[in-house]
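To start, the structure under review is shown below, and the notes come after it.
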Ligand SMILES: Cc1ncc(COP(=O)(O)O)c(C=O)c1O
C-alpha cells in the first residue's frame with residue numbers, strides 16, 4: 001500500500017512571480033506599527049506575532065517592505081477575487097478616476113445601470129433577482145436586506161444561525177452569533193438564532209444522517225414557540241466563513257427555506273464570502289444547495305478589493321423602500337461600479353469559476369492526504385477555493401487544537417504562505433485565495449502546510 005502522503009508533492013519553493021515589485025522606500029514595519037499603536041484604535045486586529053507590512057500585490061502574490069514574496073491564500077479575507085491589482089481593473093479605475101469621482105446617485109451615470117444589468121444576468125433566469133441596491137460594505141448590505149424584508153412582510157423578527165457572521169454594524173452584529181465577534185446589542189434588533197448544519201460538532205449531539213436533520217426541521221418548533229406569524233426573514237451564509245468553513249448537509253437549506261416561507265418570511269443568502277464562483281461548481285453558494293433565495297447580499301470579492309457591496313432582490317420586495325428617502329452617499333459611485341463591472345467581466349472572460357473548481361479540487365485532495373498523515377487534522381471541509389481544516393488535539397474527543405492552529409498559521413507564514421484562521425474556537429485554518437491560483441501554487445500550499453504540520457511540536 002502506498003504511504004498516505006505519497007501524493008503530497010515536495011514543492012516547498014514558492015513559485016516566483018514574473019512581476020517585479022517597485023523599489024519600496026516607505027516606512028519600515030516597525031515604524032508603521034508604531035504609528036498604528038500611537039494613532040489608531042487599539043481595536044484594530046493584526047495577524048501574526050510580527051505583523052506583516054504588505055506594500056505591493058500582483059495577482060495571487062504579495063510583497064512585504066523587505067521585498068519578500070508571499071503566496072496569498074487568504075486574499076485579505078476573500079476580498080480579492082481575480083487577483084491583486086489585476087491590470088485590466090487597474091487600468092479602468094485609473095481611467096474613471098481621471099474622469100469622474102463623484103459620489104452620489106442623485107444624477108445619472110451609465111456605470112451603475114450597466115453593472116446592475118450584468119449582475120442581474122448572473123442570477124438564475126427565473127429567480128426574479130434583478131433589482132440591486134449598492135452599498136459600501138457587507139454589513140450595510142445585510143442591514144439593507146433586513147430593512148427591506150421587514151418593510152415587505154410587515155413582520156419584524158429575523159432568524160439567523162449560530163456560528164454565523166454578518167458584519168460589524170449593530171444590526172449585523174445582532175445577526176451574528178459568534179461569541180468572539182459580538183458586542184452587546186439591544187434585543188430590539190429582533191433576531192433569534194437557530195442551529196446551523198455543523199455536523200462535525202453537531203449542536204444537538206446527533207450524527208448525520210440518523211439525525212433526521214433536526215437542526216433544520218427544528219425551525220418549525222422555534223418559529224411556532226418564539227415568533228409565530230412574525231417572521232420577516234431568515235439569513236444564512238451558504239457556507240459559514242468566519243465560523244470555520246461550515247458546509248451543511250445538502251438538504252439543510254431546502255428544509256429551512258421551506259419552513260421560513262411557510263411562515264411568511266423571506267430567505268436571504270449572505271454571499272459575501274461564497275459568491276462570484278468561489279465554490280467552484282456554481283457561481284453562487286446557494287446553488288450548491290438547490291435553493292433560490294429572495295434576497296442575496298454580496299461584498300468582498302464582488303469588487304476585487306473595492307469598498308463595494310450590494311443587496312439584490314426582486315422588484316416587489318424592493319418597492320416598499322420608496323416610502324421614505326433612503327440614501328447611501330458612496331453606494332453606486334462610478335469608480336466602485338467600474339471596479340465591480342470589470343471584476344465580473346474578468347470572472348466570465350478568464351474562466352475564474354472553472355479555475356476555482358480545478359485548483360480547489362487539487363488543494364482539497366492534497367488536504368485530505370495531509371489528514372491521513374497528521375493526527376491534528378480533524379476535518380477538511382469546503383468547496384472550490386473556500387476550504388477549511390479543523391484542528392483537534394485528539395480525533396475521538398475533538399478537543400479544539402487552538403494553540404497548534406496558531407503555530408501552523410505562523411509557520412506557514414515563515415514559509416511564504418499566508419492563510420487565515422477562524423471557527424468558534426479559533427481552531428480552523430481557512431484557505432480562500434484569489435481565484436487565479438495555479439497548480440504550482442496549490443502544490444506549494446500543500447507542501448508548506450505538510451512541513452508546518454510536521455514542524456509543530458507534539459503536545
Ligand atoms: C459572511 C459575511 N457577511 C458580512 C460580512 C461583513 O462585511 P463587511 O466587513 O464588508 O461589512 C462579512 C465580513 O467578513 C462576512 O464574512
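Structure notes:
- Label zone of residue 439 (point 7 Å out along Cα→Cβ, amide N under 20 Å): in region 352-375 this covers 352-370.
- Calculated SAXS-style log₁₀ I(q)/I(0) at q = 0.12 Å⁻¹ - the chain, Debye, Cα scatterers: -1.08
- Residue order, fewest to most surrounding Cβ atoms within 10 angstrom, among 45, 367: 45, 367
- Distance between the 7 Å Cα→Cβ label points at residue 307 and residue 125: 4.0 nm.
- Restricting attention to the chain, close to 65% of DSSP beta bridges with both partner residues there are antiparallel.
- With the cut-off at under 20 Å, measuring from each backbone N in region 427-459 to a point 7 Å along the Cα-to-Cβ line of residue 13 picks out 438-452.
- Cα→Cβ-extended label distance, 7 Å offset, between residue 251 and residue 183, nm: 4.3 nm
- Exposure proxy ranking, count of Cβ atoms within 10 Å, fewest first, for 418, 445, 206: 206, 418, 445
- Extension gain, residue 220-residue 117: 0.36 nm per intervening residue step, less the Cα-Cα distance, totals 33.4 nm.
- Cβ crowding within 10 Å, taken as a proxy for footprinting-reagent exposure, orders 176, 153, 90 from fewest neighbours to most as 90, 153, 176.
- Rg(Cα)/(2.2 N^0.38 Å) for region 89-349, N = residue count: 1.00
- Distance from the C-alpha centroid of region 282-330 to that of region 162-207: 21 Å, rounded to the whole angstrom.
Readers should treat all values here as calculations from the given coordinates under stated rules, not as data from a laboratory. From a predicted model like this one, the values you see are computed outputs, not experimental measurements. When we count neighbours, we look across all protein chains shown, and the Cβ atoms used for this are built from the backbone with ideal geometry, even at glycine.
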